[in-house]
Amino acid sequence: MAGVWVFKDGVTRLVQNPLTESVDGTGSVAQRQKKVLVYLPTNETISDYEDLEEKLLKLGWKPYLDGGDAAVHQLRQYHKSSCTLDLISLPHNFANFKTMHMYDIVVKNRNAFEVRDA
């Protein structure tokens, strides 16, 4: 069983997902801190795809254009022209850019990007 055991008022209960369930039993869940993607060489926060693409191009990433599947067109994808199999897939709309996408970029560009609390 995964989760967090909470002891309150003589009662022990298991909170299986503390990010979505209340730990204190009040019914309110604490707000998660918003994350931002930061380009380390300039300490610049990435706020749109134009900024991000500029940085990725400098690092050797190229837009991946595939004329096939319609689902691919709902993504922005980048690949390296070298022999690597790395591919960065991002939602087409920046409003749908989530923390998991930020970490994908960081893992593939460790010295250039960082995820920070806003």
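Listed values, structure above:
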| quantity | calculated |
| --- | --- |
| Residue satisfying condition, being surrounded by 11 or more Cβ atoms within 10 Å (Cβ to Cβ), among the acidic types (Asp, Glu), at pLDDT 95 or above and farther than 24 Å from Asp117 by Cβ, within set Glu53, Glu44 | Glu53 |
| Answer residue from region 81-111, given it is in contact (Cβ under 8 Å) with a residue 40 or more places away in the chain and assigned to a helix (DSSP H, G or I) and is least open to solvent (accessible area, probe 1.4 Å) among those | Ile105 |
| Failed condition for Glu114, given (1) farther than 17 Å from Val36 by Cβ; (2) at pLDDT 90 or above; (3) open to solvent by 60 Å² or more (accessible area, probe 1.4 Å) | (1) |
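The values are calculated or read from the model by the stated rules, or taken from the named source; none is laboratory data. Note that the coordinates shown come from a computational prediction; the quantities given were computed from them, not determined experimentally. Glycine gets a Cβ as well: all are built from the backbone with ideal geometry, and neighbour counts include every protein chain shown. These area figures cover heavy atoms from the full protein model, side chains too; ligands, DNA and RNA do not enter into them. Shrake-Rupley method; radii C 1.70, N 1.55, O 1.52, S 1.80 Å.
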